[in-house]
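Here's the structure we're looking at; comments come further down.
The values are calculated or read from the model by the stated rules, or taken from the named source; none is laboratory data. No experiment lies behind these values; they were computed from the predicted model shown. FYI the Cβ positions are ideal-geometry reconstructions off the backbone, even for glycines, and counts take in every protein chain you see. Just the protein is used for accessible areas: all its heavy atoms, side chains included, with ligands, DNA and RNA removed. Shrake-Rupley method; radii C 1.70, N 1.55, O 1.52, S 1.80 Å.
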Amino acid sequence: MAPRSPALPLGSPHPHLSRRRLLTTSAATAGALLVGASAASTASATGSATGDPWPDVIPLPNGFRPEGITIGTGPYAYLGSLGDGSIYRVDLRTGAGRVVSAGPGTPSVGLKLDDRGRLFVAGRGQGARVVDVRTGAIIASYTLTTRTPTFANDVFLTPGAAWFTDSFQPALYALPLGRDGRLSGPDEVVTVSLSGAWTQTPGETVNANGITRTPDGKALLVVQSGVGGLHRVNPRTGVTTLVDLGDAAPLANGDGLLLLGRRLYVVQNRQNAIDVFHLSADGRSGIFEGRLSDADFDVPTTVAAHKNRLYLPNARFTTTPTPDTTYAVVSIKC
């Protein structure tokens, strides 16, 4: 597959961080696939205390167990259930939502929406699947690896591929996408083994977790949760180098990643916080800008953005899940 020209960045950097939630500040063929940026509920949501009509806290169905979140061009977020894998769509303006795709009975973890209305879902031990959010139908399913154990955790889309992390194996998986958006066949999965600075912690410790790209679109960024490192990954070779984040604390609870311009948001799940870095264009280094938090966070896992807000689902991993356990999406301004 011929390389493509780099596309525009995913978004523009925000000129400032919200003072209300800023806790601390500091002084300061795989390669070709990457090139480029790339039960109904009407429960009321908790409104903003600042006069903004959009809700700060959006309830989800009891027992839903959210983990991943993605937002398209419209004011709608999609979330996956760690329980039965159902996909829930919520209106960010009102908090109203509904299940748009009944789950297959297996987990939905990280997910991303493309501009064709297709949701790419990491399925933990069940590989990956693609859901048409307009009909709720599963239009493709993939076995990413035959190695065990395996944990397809997160996904990131570029113009040429959908990239998946595996928290239990030292590898990334790419599903090539045709120029017309054609999905890969089940035998077209590309495995890129991680090497270089990457040292895999054996067993079922969470290794590779959140994934995004470098600001220049030439490489991938992957957070290794167990040891707290942020890696820049060459998509052609799988060779990684540690991103120099200066004196910032290790990202030992690093989970979802979100890149807006050159600003990287790293969800620190059990710390109930988001660490914010300003990256170099090539993603080889970054400066810690501060930490965002909110009193409503309860082990947030992933993050997506719409307009001037960040949205994070509370996975509540420190709470034993039951059918009556409450869950929510928390919104903060950025």
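At least 2 residues being of a type outside the set (Lys, Arg), more than 17 Å from the chain's Cα centre (by Cα) and surrounded by fewer than 19 Cβ atoms within 10 Å (Cβ to Cβ) is the threshold, and among the strands (runs of 3 or more DSSP E) wholly inside the range 129-217 those reaching it are 138-142, 190-193. Each residue in the range 45-70 was checked for being surrounded by fewer than 22 Cβ atoms within 10 Å (Cβ to Cβ) and at pLDDT 90 or above, and 7 of them qualify. Does the range 290-306 contain any residue that is within 21 Å of Gly110 (Cβ to Cβ) and open to solvent by 50 Å² or more (accessible area, probe 1.4 Å)? No; the residues of the range 290-306 include none that is within 21 Å of Gly110 (Cβ to Cβ) and open to solvent by 50 Å² or more (accessible area, probe 1.4 Å).
Among the residues that make up the range 211-219, is at least one of them hydrophobic (A, V, I, L, M, F, W, C) and within 23 Å of His306 (Cβ to Cβ)? There is at least one residue in the range 211-219 that is hydrophobic (A, V, I, L, M, F, W, C) and within 23 Å of His306 (Cβ to Cβ). For the range 257-280, check the following and say yes or no: at least one residue is more than 20 Å from the chain's Cα centre (by Cα) and assigned to a loop (DSSP other than H, G, I, E, B). Yes; the residues of the range 257-280 include at least one that is more than 20 Å from the chain's Cα centre (by Cα) and assigned to a loop (DSSP other than H, G, I, E, B). The residues listed here are Val227, Val233, Val239; of these, the one that is among the aliphatic types (A, V, I, L, M), farther than 21 Å from Ala305 by Cα, buried (at least 22 other Cβ atoms within 10 Å of the Cβ) and more than 15 Å from the chain's Cα centre (by Cα) is Val233.
Select from the range 221-241 the residues that are closer than 21 Å to Arg291 by Cα and either in contact with a His (Cβ under 8 Å, 6 or more places away or on another chain) or not in a loop (DSSP other than H, G, I, E, B) (or both) and list them in ascending order. Listed by number, the residues that qualify are Leu221, Val222, Val223, Gln224, Gly229, Leu230, His231.
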